[in-house]
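Where a number appears in this text, it was derived from the coordinates with a stated rule and is not lab data. Keep in mind the model is a prediction, meaning the values are calculated, not measured. Because the Cβ atoms are built from the backbone with ideal geometry, glycine has one as well, and the counts that use them run over all protein chains shown.
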Amino acid sequence: MNTKNNIIIEAKPHYIAEQSEPAQNRFVFAYTITITNAGLIPAKLLSRHWLIADANGKVQEVRGDGVIGEQPYLRPGETFRYTSGAILDTPVGTMQGNYQMRSDEGETFAAAIPKFTLSIPRTLH
């Protein structure tokens, strides 16, 4: 385990019923991401890469600079939290990906975003 660059990412998704239209195959989800620098060196989040899959196997690939218009800089022990959203054609799907980070030592590395499930309540048991 590389303790120099150790970024921990947690996701908490939830379904937004009031913005969803199940009859039109539109299912809206929000997710809150918590990014913690558990390493020894400060690092900046440069960009994101997401794979968003629905239950039909349709995959959306999303790439871009930063998150929610920011490129957070995290010192060891610091946390950054943000909320964003995704729209699926099915009531269940998954998201996973990574953040490209750059340490204060100039090293660029990927911080993995573990796969998490988007599902409307009572869909999965």
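Could you work out the local net charge near residue 81, counting Lys and Arg as +1, Asp and Glu as -1, over the other residues with Cβ closer than 14 Å to its Cβ?
For residues surrounding residue 81, the net value is -2.
Summing Lys, Arg as +1 and Asp, Glu as -1, what charge do residues with Cβ under 11 Å from the Cβ of residue 72 carry, residue 72 excluded? Each step should come with its number before you reach the end.
Values: positive: 44, 75, 81; negative: 70, 78.
Every neighbour counted, the sum reads +1.
Just in the range 25-125: which trypsin sites (Lys or Arg not before Pro) are loop by DSSP and have at most 13 other Cβ atoms within 10 Å?
Details: sites: 26, 44, 48, 58, 63, 81, 102, 115, 122; in loops: 58, 122.
Answer in residue order: 58, 122.
With 0.36 nm allotted per residue and the present C-alpha distance subtracted, the residue 32-residue 82 stretch has 17.4 nm of extension available. Among residues other than residue 114 with Cβ under 15 Å from its Cβ, the summed charge is +2 (Lys and Arg +1, Asp and Glu -1). For the range 45-79 versus the range 12-43, the inter-centroid distance based on Cα atoms is 11 Å. Fully extending the segment from residue 46 to residue 23, taken as 0.36 nm per residue of separation minus the present Cα-Cα distance, adds 4.5 nm. In this entry, the range 58-125 is assigned a mean projected area of 6.2 nm², taken as a quarter of its C-alpha convex hull surface. Working note: Karplus 6.51/-1.76/1.60 with θ = phi - 60° gives the range 6-20 the couplings 9, 9, 9, 10, 10, 10, 10, x, 8, 7, 10, 4, 5, 9, 8 Hz, where Gly and Pro are set to x.
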